[in-house]
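J.: I am attaching a structure below and will ask some questions about it afterwards.
The values are calculated or read from the model by the stated rules, or taken from the named source; none is laboratory data. From a predicted model like this one, the values you see are computed outputs, not experimental measurements. Cβ coordinates were reconstructed from backbone atoms using ideal geometry, including for glycine residues, and neighbour counts include every protein chain displayed.
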Amino acid sequence: MLGFSMIQLIRNHDKKLDKKLRQSLLHLYRPFRRIPCFLHRPIENLMKKFKRYPVVIEFENKDVPLSSAVNKAHHVMKPEARSELIHQYHSICCCSAVLTASTIEKLMNSDCSIKKIHYDREVTALLDVASPAVHATQLNEQGLTGKDINIAVVDTGIYPHEDLKQPSDRIVAFKDFINNQTEPYDDNGHGTHCAGDAAGNGFSSNGKYKGPAPEAGVIGVKVLNQMGSGSLSTIVAGIQWCIDNKQKHQIDVISLSLGAAADESNCNDPLVQIVEQAWAAGIVVCVAAGNSGPDQRTIGTPGISSKVVTVGAMDDKNTTDRADEQIASFSSRGPACGEESKPDLLAPGVNIISLRAPGSFLDKTSKSGRVDSNYFSLSGTSMATPICAGVAALILQNNPGFSPDQVKQNLLQGSVDKGLPAYAQGAGYLDAEQAVKNSNGN
């Protein structure tokens, strides 16, 4: 078995194939134990040509145009009919593809300057009385409502809820990477809830259920399907679209309530790279820490990025009294990637009432979560993240020239230490009023 070319390839290029892809390639050999040795080679060759793997190819030289690197790889791939290149992501010098094991072997043995091939693994929505609890309501009363600030919710889509459409339409744009539809919709319901967590205005509840930025614009970027799952490549494509359309749609903040298990051996995977490119482009990026707590080292990617604002969940006990809160047991804990301090802060994430998407997957399967006829209750760091994104919008409204680093600094400085370990709470529990107050001094 050790003489098989694919096993030799994995040995020779171990660091250039991510863990998940290595495991998938080695899975080819499981049936060989029951097959006579003289048949191993022909069967291996057959399997290498027919089994296909979704991947993201990362190229080494970022100074060379991506198109040149992709063309070179395409030339190597050309004889393989079952392999194909799909999308290019110029911000991180990567492309997505579907490759046979035989093509992977040829590429790794070529001079295509491939830095790493990542398995295009699954990425999912992180789901397991919030605005008053973070003191955003007081800011709303002072005129800080997120007006003229736009938040991109990269998720399952956005249902055109009255709280986003009335008295004026605040759905600025919609992009669908799953079904290529042009009008806003949400067949899962998660993204709609997140949009309301950040920017719902309470129109259907006489102001009772609203997010911290009730006049902010929202941009729906659908990268997760009806079941709330997607792939690494689709998420990268969605964030790349936000970068490319930052000026056109004035994208100021990205809210990412999704993630995948992080590979501690690779702290700079494509998801981390793309969110950091968005940050460098001037977009504040808020990312869910994950729902794999209370164990340590459970922060998901891209929340492991040192740049972005990684948000854990607090249980506010459905009260505005901040004395009785506790960290949610499910909230992922750090540290991340070595000793990187994560999460950055906590925000409300338990039993959060926000917008309902009628007829969506969550609406049909979790009817007990319905509140009145227009709202829905969900828990998770998924809910905490857009609440933080909404507060970031208030800081930007108050300080239009702020960089993402300055917004993050004020979010952290405006968080209240709850006496928990840093790997659990980061800087502490988000206080919007204090964060904006601090920003006035910058």
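J.: Could you look through segment 308-322, keep only residues that are modelled with pLDDT of 95 or more and not hydrophobic (A, V, I, L, M, F, W, C), and pick out the one that is nearest to residue 126 (Cα to Cα)?
T.: So the residue we want is 312.
J.: For segment 262-289, enumerate the residues that are modelled with pLDDT of 95 or more and part of a loop (DSSP other than H, G, I, E, B).
T.: Scanning segment 262-289 gives 281, 282, 283, 289.
J.: Sticking with this one: Does segment 254-274 hold any residues that are closer than 22 Å to residue 394 by Cα and in contact with a Leu (Cβ under 7 Å, 6 or more places away or on another chain), and which are they? Walk me through how you get there before you give the answer.
T.: At the first step, the residues of segment 254-274 found to be closer than 22 Å to residue 394 by Cα are 254-257.
Answer for segment 254-274, where residues must be closer than 22 Å to residue 394 by Cα and in contact with a Leu (Cβ under 7 Å, 6 or more places away or on another chain): just 257.
J.: Tell me which residues, restricted to segment 158-170, are surrounded by fewer than 20 Cβ atoms within 10 Å (Cβ to Cβ), under 16 Å from residue 249 (Cβ atoms) and touching a strand residue (DSSP E or B) at 6+ places or on another chain (Cβ under 7 Å). Outline the logic, then answer.
T.: Quick first cut of segment 158-170, residues surrounded by fewer than 20 Cβ atoms within 10 Å (Cβ to Cβ) only: 160, 162, 165-169.
Those still in the list that are under 16 Å from residue 249 (Cβ atoms) too: 169.
Selection gives nothing.
J.: Mind telling me which of the residues 439, 373 ends up being polar (S, T, N, Q) and within 17 Å of residue 189 (Cβ to Cβ)? Even if it seems obvious, please write down each step before you answer.
T.: Working: 439 fails: within 17 Å of residue 189 (Cβ to Cβ).
On inspection, the qualifying residue turns out to be 373.
J.: Surrounded by 18 or more Cβ atoms within 10 Å (Cβ to Cβ) and either among the aliphatic types (A, V, I, L, M) or under 24 Å from residue 136 (Cβ atoms) (or both): does that describe residue 196? Outline the logic, then answer.
T.: Numbers: surrounded by 18 or more Cβ atoms within 10 Å (Cβ to Cβ): yes; either among the aliphatic types (A, V, I, L, M) or under 24 Å from residue 136 (Cβ atoms) (or both): yes.
When the stated conditions are applied, residue 196 passes them.
J.: While we're on this one: If the requirement is being buried (at least 19 other Cβ atoms within 10 Å of the Cβ), more than 15 Å from residue 258 (Cβ to Cβ) and either at pLDDT 95 or above or outside the structural domain of residue 210 (by TED's automatic domain parsing) (or both), which of these qualifies: 332, 354? Working first, answer last.
T.: On the way: 332 fails: more than 15 Å from residue 258 (Cβ to Cβ).
Sole residue among the options that is buried (at least 19 other Cβ atoms within 10 Å of the Cβ), more than 15 Å from residue 258 (Cβ to Cβ) and either at pLDDT 95 or above or outside the structural domain of residue 210 (by TED's automatic domain parsing) (or both): 354.
J.: Does residue 155 fit the bill of being in contact with a His (Cβ under 8 Å, 6 or more places away or on another chain), of a type in the set (Asp, Glu), surrounded by 24 or more Cβ atoms within 10 Å (Cβ to Cβ) and modelled with pLDDT of 95 or more? Talk me through it step by step, then tell me what you get.
T.: Details: in contact with a His (Cβ under 8 Å, 6 or more places away or on another chain): yes; of a type in the set (Asp, Glu): yes; surrounded by 24 or more Cβ atoms within 10 Å (Cβ to Cβ): yes; modelled with pLDDT of 95 or more: yes.
Here the answer is yes, as residue 155 does meet what is asked.
J.: Which of the residues that make up segment 159-207 are among the charged types (D, E, K, R), more than 23 Å from the chain's Cα centre (by Cα) and either farther than 19 Å from residue 358 by Cβ or not in a helix (DSSP H, G or I) (or both)?
T.: Pass one, segment 159-207, residues among the charged types (D, E, K, R): 162-163, 165, 169-170, 175-176, 183, 186-187, 197.
Still in the running and more than 23 Å from the chain's Cα centre (by Cα): 162-163, 165, 169.
Matches in segment 159-207: 169 only.
J.: For residues that are exposed (fewer than 15 other Cβ atoms within 10 Å of the Cβ) and not hydrophobic (A, V, I, L, M, F, W, C), scanning just segment 46-73, find the one that is modelled with the lowest pLDDT. Steps first, please.
T.: Narrowing segment 46-73 to residues exposed (fewer than 15 other Cβ atoms within 10 Å of the Cβ): 46, 50, 60-65, 67-68, 71.
Cutting the leftovers down to not hydrophobic (A, V, I, L, M, F, W, C) gives us 60-63, 65, 67-68, 71.
Values: 60: 88, 61: 74, 62: 71, 63: 74, 65: 87, 67: 91, 68: 91, 71: 92.
Out of the qualifying residues, it is 62.
J.: Under 7 Å by Cβ, and 6 or more places apart or on different chains, what pairs join a residue from segment 260-281 that is of a type outside the set (Gly, Ala, Ser) with one that is surrounded by fewer than 16 Cβ atoms within 10 Å (Cβ to Cβ)?
T.: Qualifying pairs under 7 Å: 263/19.
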